[in-house]
Amino acid sequence: MKTYKAKKSKLFVYLLLFFAILSGVGMYSMFSEGKTVGLLALLPLILFLWIYFDTGYKTDTTYLYYRSAFIGGRIEISKIVQLHVGKTMWAGLKPAMSSGGIIIKYSKYDEIYIAPQDNDKFVNDLLTLNPKIKVVTSG
């Protein structure tokens, strides 16, 4: 089974830092004023940390597995029809943290957006497993 790390955009990292600072301020105010409202500031930080550390992709001979926090699943590689490399999908299933990834079209009408660190290596590995996949590059 091959594992592929997800590409992380600077915007996502800045949002993570923003929520870390916000959580720190919330925790400080909670302890200084004796209120429990500061605990709510931890929720976005926990969610962003979960997404940051849990997003990734794996392939074996039959399936492509994707995971990003509470979003996860698998796609049969034999059902993948087309890959749009270098594009970004703005709506739909998107277990990714960056733009310029890959839109995977599979089955008849299904599609998903992923963003591995190395698009070319990922595409080449998929083509090795299913040479019938049509690759469309943006550029």
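Tabulated values for the structure
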{"item": "Residues within the stretch 95-139 that are part of a loop (DSSP other than H, G, I, E, B) and more than 11 Å from the chain's Cα centre (by Cα), tallied", "result": "11"}
{"item": "Meets criteria (of a type in the set (D, E, K, R) and at pLDDT below 90) for Lys35", "result": "yes"}
{"item": "Gly92 being on the phi > 0 side of the Ramachandran plot and either touching a Phe, Trp or Tyr at 6+ places or on another chain (Cβ under 7 Å) or outside any strand (DSSP E or B) (or both)", "result": "yes"}
{"item": "Residue in the stretch 113-138 that is most open to solvent (accessible area, probe 1.4 Å), counting only those that are under 22 Å from Lys10 (Cα atoms) and either in contact with a strand residue (DSSP E or B) (Cβ under 7 Å, 6 or more places away or on another chain) or among the aliphatic types (A, V, I, L, M) (or both)", "result": "Gln117"}
{"item": "Subset tally (residues that are in a strand (DSSP E or B), surrounded by fewer than 16 Cβ atoms within 10 Å (Cβ to Cβ) and either in contact with a helix residue (DSSP H, G or I) (Cβ under 8 Å, 6 or more places away or on another chain) or of a type in the set (A, V, I, L, M) (or both)) for the stretch 48-62", "result": "0"}
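The values are calculated or read from the model by the stated rules, or taken from the named source; none is laboratory data. Everything numeric here is computed off the predicted structure, so don't read it as measured data. Neighbour counts run over all protein chains shown; Cβ positions are idealised from the backbone, glycine included. The area values use the complete protein model at the heavy-atom level, side chains included, leaving out ligands, DNA and RNA. Shrake-Rupley method; radii C 1.70, N 1.55, O 1.52, S 1.80 Å.
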